[in-house]
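To start, the structure itself, in structure tokens.
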Amino acid sequence: MASITLEGIKKTYAGGVQAVKGIDLAIEDGEFVVLVGPSGCGKSTLLRMVAGLETISEGTLKIGDRVVNKLEPAERDIAMVFQNYALYPHMTVYNNLAYGLKNRGFKKPAIEERVRKAAKMLEIEEYLQRKPRNLSGGQRQRVAMGRALVREPAAFLFDEPLSNLDAKLRVQMRVEIKQLQRRLKTTSLYVTHDQLEAMTLGDRLVVLNAGKIEQVGTPMEIFNRPASMFVAGFIGSPAMNMLPVEYLATRSADNLLDDLPAGTDIVGIRPDDMHLSAPSAPHLVVDSTLELFEAAGAESHLYVRLAGSEQPTVIRTGGGEPPVNEGETLRFYIARSALHPFNRESGQRTG
Amino acid sequence: MQTKRSTYQNRWLPYCLLAPQLIITLVFFIWPASQAVKSSFERTDAFGFKTTFVGLSNYARILSDPSYLNALGRTAIFAVSVTVLSMGLALLLAVCVNRVLRSAKFYTTLLVWPYAVAPVVAGVLWWFLFNPTIGLLPHVLDWFDINWNHRVSGSQAMILITIAAAWKQISYNFLFFLAGLQSVPKSLIEAAAIDGATPFKRFWSIVFPLLSPTTFFLLIININYVMFDTFGVIDATTGGGPGQATMTLVYKVYTDGVAGLNIGSSSAQSVLLMGIVILLTFIQFRYVERRVNY
């Protein structure tokens, strides 16, 4: 159990390419932090630097009170779950779990006890004598988890561990990882590009873009108050709609938009903040043409084209029949309070 | 496994395409081999006028001949030393090159070169290097008070042919080991590093077991190489001598048949040699292969 502190962590590859451009982050003891961002944003590099698999070009990395910049991976007291699981194919599941303990000089009975305990927790007891190739994807995933937790490390590092599973299994394993982490209360750092996985798993999210932190916060903080246009577009599905202020100004009769913070020239609106019936609070009224109706069971997505603008926009409603036929005019309402003000040039939230 | 099926318009075309290889195999392998089997049951008189069928007596004579049994023993020593030496060094070199990030291609090219050298040329090369009168290495060994003369010392002659034969084979083994090492997923090594294994332990407990199919394949190839292809090396360096010290099975086939004109005995020996190699390969497949596949 330990905190992880990153101070000004940078990674510069030979040739001057900067993959990670100065990360400051304090992960508290027992916290589940998710690094999320598009591919190439440096999240995996960052995780591998914490693990000790990549050297740190600049900055200080602390696990607990120790500065671990120069320590070997084994000395950092961490365990990692790899994207492709990295199970040793020539060893049985039992030996896969026991390998790290053997290397650390544990006695046979102690190894046996710990492996049994971990296997029981992950419900892989029946497979202990099997080789990894005889396991399904989900079972391999559990073995990979088992190998991490059998050592009872100070921190777990997860490198997109669910991306090789099918959709159904992914949801199931997501829940199990969350429950396991709640139970063990081990500090965890989890990398994913899937915003839904990030939202559901993390105590806190770190949204990364191009090697820099865009925003750090709890999932709901980030969802409710995205700090930049990038975060707004990345978190939440379907993505937030971005509409120019000039356009909305022409659509609102009264001076609803006058009190937007200075510098605001674009506003974000979540697809579920666009309503088909007028709310009692102050609101905007926009007419559009329904282009496509997408029924997804409990919810529906309406792809519309705004009147007087070519801007494609998505509205999310509860499930059911389309309110109008495709190609017909659809009027929707946006509460004034649902607007997220941004500045287009800086990409930042204005207030 | 899925196989690709080609369809041909003309039903003779596939046979024509196969023919060159088939003809070569028939003329240069099947026909001489069947001749060898046939003449191993015959005895030809000294002038080649009369050939008589003698049944298994050639085989009986060989197997009770001490010089044949000696050659068998020496071949076993030779085979084991060459295989261990060439595979061991090749693995070491492959591990080194695999760790080099830059110029790995350059090293690979250099290390593969010896394979292009013909066995006889390799033999001559080492013969020069170890030549007691003009060679460089005996001169160097002299500083350490080692008197090198493979024309006199049987064990030194054996060392010479072992080095010459292994040197050529290192290139081949190296290529396969390098390919094998590169196909070991990097994340496995990383996982082992996190699991607290030292680099040495990582190699022996993770990498080496994963290389075992390659090692097994090379084991068979190397033993076959030693049994048959080292003829040129021996012929160019020691010629089987001094005495019988480097007389291996394949060289004895040649000496007895071509030099000694004892066709019957030589044929029987070659049939036995083939039998030994087939048996060894069979044993390896039967007992080793099932352990190396994970």
The range A:231-267: number of residues that are surrounded by fewer than 21 Cβ atoms within 10 Å (Cβ to Cβ) and assigned to a helix (DSSP H, G or I): 11
Options B:7, B:51; residue that is among the β-branched types (Val, Ile, Thr), open to solvent by 60 Å² or more (accessible area, probe 1.4 Å), over 31 Å from the mean Cα position of the chain (by Cα) and farther than 27 Å from residue B:275 by Cβ: B:7
Answer residue from the range B:173-190, given it is part of a helix (DSSP H, G or I) and within 14 Å of chain A (Cβ to nearest Cβ) and is nearest to residue A:83 (Cα to Cα) among those: B:187
Hits in the range A:147-157 (condition: open to solvent by less than 10 Å² (accessible area, probe 1.4 Å), more than 11 Å from every other protein chain (Cβ to nearest Cβ) and closer than 20 Å to residue A:84 by Cα): A:155
Residue pairs meeting the criteria (Cβ under 7 Å; at least 6 apart or on separate chains; first within 14 Å of another protein chain (Cβ to nearest Cβ) and under 14 Å from residue A:152 (Cα atoms), in the range A:101-122; second assigned to a helix (DSSP H, G or I) and open to solvent by 50 Å² or more (accessible area, probe 1.4 Å)): A:101/A:114; A:111/A:102
Any chance residue B:274 is in a helix (DSSP H, G or I), open to solvent by 50 Å² or more (accessible area, probe 1.4 Å) and either within 30 Å of residue A:55 (Cα to Cα) or touching a residue at least 60 places away in the same chain (Cβ under 8 Å) (or both): yes
From the options A:198, A:210, A:144, residue that is of a type in the set (Gly, Ala, Ser) and within 13 Å of chain B (Cβ to nearest Cβ): A:144
Residue A:270 being open to solvent by 20 Å² or more (accessible area, probe 1.4 Å) and either in contact with a helix residue (DSSP H, G or I) (Cβ under 6 Å, 6 or more places away or on another chain) or not β-branched (Val, Ile, Thr) (or both): no
Count of the range B:166-222 residues which are closer than 30 Å to residue B:123 by Cβ and of a type in the set (Lys, Arg): 1
Complete set of residues in the range A:50-66 that are within 27 Å of the chain's Cα centre (by Cα) and either part of a strand (DSSP E or B) or within 13 Å of chain B (Cβ to nearest Cβ) (or both): A:50, A:51, A:52, A:53, A:54, A:58, A:59, A:60, A:61, A:62, A:63
Breaking point among (1) away from chain B (no Cβ under 14 Å); (2) within 17 Å of residue A:190 (Cβ to Cβ); (3) within 21 Å of the chain's Cα centre (by Cα), for residue A:22: (2)
Sole exception among (1) aliphatic (A, V, I, L, M); (2) within 28 Å of residue A:268 (Cβ to Cβ); (3) open to solvent by less than 10 Å² (accessible area, probe 1.4 Å) for residue A:227, by number: (3)
The range A:173-202 residues that are in contact (Cβ under 8 Å) with a residue 40 or more places away in the chain and assigned to a helix (DSSP H, G or I), paired with ones that are open to solvent by 30 Å² or more (accessible area, probe 1.4 Å) and among the hydroxyl-bearing types (Ser, Thr, Tyr) (beta carbon under 8 Å, 6 or more apart): A:178/A:200; A:195/A:237; A:196/A:237
Lone unmet requirement of (1) of a type outside the set (Asp, Glu); (2) open to solvent by 80 Å² or more (accessible area, probe 1.4 Å); (3) in a helix (DSSP H, G or I); (4) touching a residue at least 60 places away in the same chain (Cβ under 8 Å) for residue B:23: (4)
Looking only at the range B:191-208, and only at residues there that are open to solvent by 30 Å² or more (accessible area, probe 1.4 Å) and either touching a residue at least 40 places away in the same chain (Cβ under 8 Å) or assigned to a helix (DSSP H, G or I) (or both), the one that is nearest to the other protein chains (Cβ to nearest Cβ): B:201
Selected residue (criterion: most open to solvent (accessible area, probe 1.4 Å)) from residues of the range A:91-140 that are closer than 24 Å to residue A:75 by Cα, assigned to a helix (DSSP H, G or I) and of a type in the set (Gly, Ala, Ser): A:110
Where residue A:82 falls short, out of the listed (1) within 8 Å of another protein chain (Cβ to nearest Cβ); (2) surrounded by fewer than 20 Cβ atoms within 10 Å (Cβ to Cβ); (3) touching a residue at least 60 places away in the same chain (Cβ under 8 Å): (2)
Residue that is farther than 23 Å from residue A:319 by Cβ and at pLDDT below 90, where the choices are A:282, A:238: A:282
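The values are calculated or read from the model by the stated rules, or taken from the named source; none is laboratory data. These numbers come from a predicted model, not from an experiment. Quick reminder, even Gly has a Cβ in these numbers, built from the backbone with ideal geometry, and neighbours come from all protein chains shown. The area values use the complete protein model at the heavy-atom level, side chains included, leaving out ligands, DNA and RNA. Shrake-Rupley method; radii C 1.70, N 1.55, O 1.52, S 1.80 Å.
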